[in-house]
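Any read-out appearing in this document is the output of simple, stated calculations on the displayed coordinates, not a laboratory observation. Predicted model, so just to flag it, every value in this text is computed and none were measured. All Cβ positions, glycine included, derive from the backbone under ideal geometry; neighbour counts span all protein chains shown.
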Amino acid sequence: MDGTTYLSDYRPYPFTLSTVSLTFRLAPRATRVTARLALSPRAAGAALHLDGEELKLISLALDGAALAPADYRLTETGLTIHPAALPEGPFTLETEVEIAPETNTALEGLYMSKGMYCTQCEAEGFRKITFYPDRPDVMARFHVRIEGEAPVLLSNGNPVGAGDGWAEWDDPWPKPAYLFALVAGELVATQGSFTTMSGRKADLNVWVRPGDEDRTDYALGAIQRSMKWDEEAFGREYDLDVFNLVAVDDFNMGAMENKGLNIFNSKLVLASPETATDLDYERIEGVIGHEYFHNWTGDRITCRDWFQLCLKEGLTVFRDQSFTSDMRLGAVKRIEDVIALRARQFREDAGPLAHPPRPDHYREINNFYTSTVYEKGAEVVRMLQTLLGPDGFRAAMDLYFARHDGQACTIEDWITVFEDASGRDLGQFKRWYTDAGTPHLTVTETFENGTYTLEFTQDTKPTPGQAEKPPRLIPIAVGLIGPNGDEVVPTRVLEMTEARQSFAFEGLGAKPVPSILRGFSAPVVLERQTSPAEQAFLLANDTDPFNRWEAGRSLARETLIAMTTGAAPDAEYLDAVGGLIADEAADPAFRALVLRLPSEDEIAQAIAASGKVADPDAIHAARTALMQALAARHEATLAATYEACAQPGAYRPEAADAGRRSLRLACLALLGTRDGGARAAALFDNATNMTESLGALGLLVAQGKGEAALARFRARWQDNALVMDKWFTTQLALCPPAEAADRAARLAEDPLFTWKNPNRFRALMGGLSANHAGFHRADGAGYRFYADWLIRLDPVNPQTAARMSTAFETRARYDAGRQAKIRAELERIAAVEGLSRDLSEMTARLLG
Ligand code: ARG
Ligand code: ZN
């Protein structure tokens, strides 16, 4: 039916596949791929279907004999061999096909990036390489021979032979085709090694194009730290003789966990102080960890089908978050993750694209590599850890690895492991995987005769295709603070299972102030009527760092919302922040987070959630005014802190240094409203690292004073693609909103706008859509420009075009005029002839 795939239609593959032998003869326009598959039927009478797209079939033989045309059927999507042509027992099928990596602009399958061959097979790219059962529950051992002129020829597993113009690789671990990888080109390696806990030595290589090798040290160290951490935190050891990581410039996503041969977007590998920001360093370490951790959660244990994607992604994001938390400042990492979750996943859940972490249907699986599958998937794992406690969680993980190693699993398998390890029934908990939408939690309190009672109500709005939302199991971590600021009840996890439920705390001398949802113990929206005074009290006294920050955040959000309709900034908020700026007892990174105001998009989301219409111009004005008010009130403290955070000496990416730079830039952003940008201009002139250089540039741009600095920046970095991406993004995201659409149109004419490169496309379009009031300019200029480019990109790279269309998912927040303009653009895209399956699924869902 209409090309939709349903979870309920899952059937096991009727054949088993033990080994695969692949030979590649590389040529840009005519690569030959032969595949020898050792198959055996599970039951008699089944046809053999192999997926295949855009393949030119050269030959086809069964057990050495060519098949007659009557024995098989070839279509746009694959090759089917009639049951009558198949033997009853095991057999070998050999195919040869021809493909053209050079013309593959979709960057899926085998393609070329700057003269180098590389692959991206997840989710369904392997079918563009050869005819194959391209589904994750078919796992086989791969042997690969590569013939080509390139000096470096890589594939999965261990090297088993090489000579002039060829190399062979053997992967001892059975795997699905989506984990296959091949890289060939002129590459140089930064080498290291790691000795595992049982004493095995693995060689490590970070492969880059010549010229980039001076920016690879950090990546190599991150691999070593990841390997060590997975042994310590999860008892997981690396299982091959060599671990290769390759950086490529043209890549649709962040990175890919192919067995033993991780392929990365170069922006998540290359770093030097001059070219990478603190955030880049943190992301590089986190994503290297993420892909490495997939070796166990993804590769050794994979997914039965693509509906189970969050089985590996949610879990692996949880693992990389825990890793970063241990490498850096845990409390700060948790706050950053929640900011990102709300910005992306809550936004997704509140709109037409809402779907559960485990969806039950899709047209194009690439459209489901979403924040819900990844980040909400990680929150669900985190809740399991909260419910079981650290030891119970580790025991369940040990059981998961022991029970399912080598298998392709489901969410049901996963839940069963946690039930068996804990002895609990997790039937209700499972709704977190199957139900879409963000629960809203309201709470009221009473205090009587020393008993303090919290009454919670949970409510989740309908989402597309899911009208009913039964109550979920919500772990609510709560602590109580006495009037003098001392904690009177330490953190306790309340397990809410009903739609409405009360929890009592007895024997209290005075009415406490509650600290609810500590550490953000569940991905819900907490709605609580409190006074600014109480929020300020928590900001000063809460022992839970997340909720301490959260108190300041709520104050900021509420005052900003009030300011959009003309209120003055809340005095309580201004005072409370002042107390923290110079509080030496608080970590600089934490203070920076408190100083950073909610984004305009977050404010729009909050206004819409309360049933009102979000006005982008009023939101921008309110946010600007609050920055001015904070700066006016605390100018001297900000200036002193700005000076105190200067760090003479060499740049180090460590969290402590990064935290001071972050506080320094947060102060600078506010001070800019007082000094006319003088400090930012001075910092831009003198900065010796990209964090401060780019930070200063952005502030100048925001003040409408960026032109000279932008020109200097461009002249200095025009040959560095990753830095130029920042140049595009920063000026669009931060320029005064009225000029954003025109600036975007001008930049699209820049010869450096090489739009077929996904990083560059995202840099420009993502910069525009990040400029909230600019993208949502009332006359629709931002929407029109954006839609024009999605239409242009779609035939070239449908995956990236579809992903970028999510900029339109917030339509319902705005006034009728804007809504109509967005709808018209979506209809215009939907009407394009030959639109990809990727983008047509997205526009259909966005139009609702
Ligand atoms: N598994 C990869 C990761 O999470 C993402 C690859 C997704 N690629 C795609 N084309 N959908 O690290
Ligand atoms: Zn992943």
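Here are the numbers for this structure:
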| item | result |
| --- | --- |
| Under 17 Å from the Cα of Lys612 - lysines, other chains or at least 8 residues apart | Lys461 |
| Rel. contact order, % - alpha carbon contacts under 8 angstrom, at least six apart, the range 530-675 | 25 percent |
| 0 to 90° range, to nearest 10: angle between helix 532-541 axis and the chain longest Cα axis | 70 degrees |
| Length-normalised contact order of the chain in % [C-alpha pairs under 8 Å, at least 6 apart] | 8 percent |
| Contour excess over end-to-end distance, with Cα ends at Ala467 and Ala816 and 0.36 nm allotted per residue | 123.1 nm |
| Proximal charge balance of Thr4 [Cβ under 11 Å; K/R count +1, D/E count -1] | -3 |
| Calculated from backbone phi, Karplus (6.51, -1.76, 1.60) coupling profile of the range 37-48 in Hz, x at Gly/Pro | 10, 9, 10, 8, x, 7, 8, 6, x, 8, 6, 9 |
| Base-10 log of normalised Debye intensity for the chain (one unit scatterer per alpha-carbon) at q = 0.05, 0.07 Å⁻¹ | -0.28, -0.56 |
| Residue-wise HN-Hα coupling along the range 218-226, computed from phi with Karplus coefficients 6.51, -1.76, 1.60 (Hz; x: Gly, Pro) | 5, 5, 4, x, 5, 5, 4, 5, 5 |
| Charge context of Arg200, other residues only, Cβ under 10 angstrom, K/R +1, D/E -1 | -2 |
| FRET efficiency estimate (nearest 0.05) - Cβ-Cβ, Gln428 to Arg823, R0 45 angstrom | 0.75 |
| Rounded FRET efficiency, nearest 0.05, which uses the C-beta distance separating Asp405 from Ala65 and R0 of 30 Å | 0.20 |
| Candidate aspartates and glutamates for bridging to Lys705, where Cα separation is under 15 Å - those fewer than 8 sequence places away on the same chain excluded | Asp675, Asp685, Glu739 |
| Estimated distance in nm for a label pair at Arg73 and Asn484, the labels positioned 7 Å out from Cα along Cα-to-Cβ | 8.3 nm |
| Hypothetical label at Ala738: residues of the range 771-812 whose amide nitrogen lies under 19 Å (7 Å Cα-Cβ projection) | 771-783 |
| Amide H within-cut-off set for Arg141, under 5 Å, with H built and near neighbours excluded | Thr19, Val20, Lys175 |
| Spin-label proximity, Glu412 to the range 1-39 - amide N less than 20 Å from point 7 Å beyond Cα toward beta carbon | 5-15 |
| Förster-model FRET efficiency, 56 Å R0, Ser599 and Thr19, C-beta, rounded to 0.05 | 0.60 |
| Distance (nanometres) between label positions extended 7 Å along Cα→Cβ at Gln191 and Asp685 | 4.8 nm |
| Calculated from backbone phi, Karplus (6.51, -1.76, 1.60) coupling profile of the range 63-80 in Hz, x at Gly/Pro | 6, x, 10, 4, 8, 7, x, 6, 7, 8, 10, 10, 10, 4, 10, x, 10, 10 |
| Spacing of the two label points (7 Å from each Cα toward its C-beta) at Ser502 and Ser198, in nm | 5.7 nm |
| On Cα atoms only, tilt of 616-644 relative to the major axis of the chain in degrees | 70 degrees |
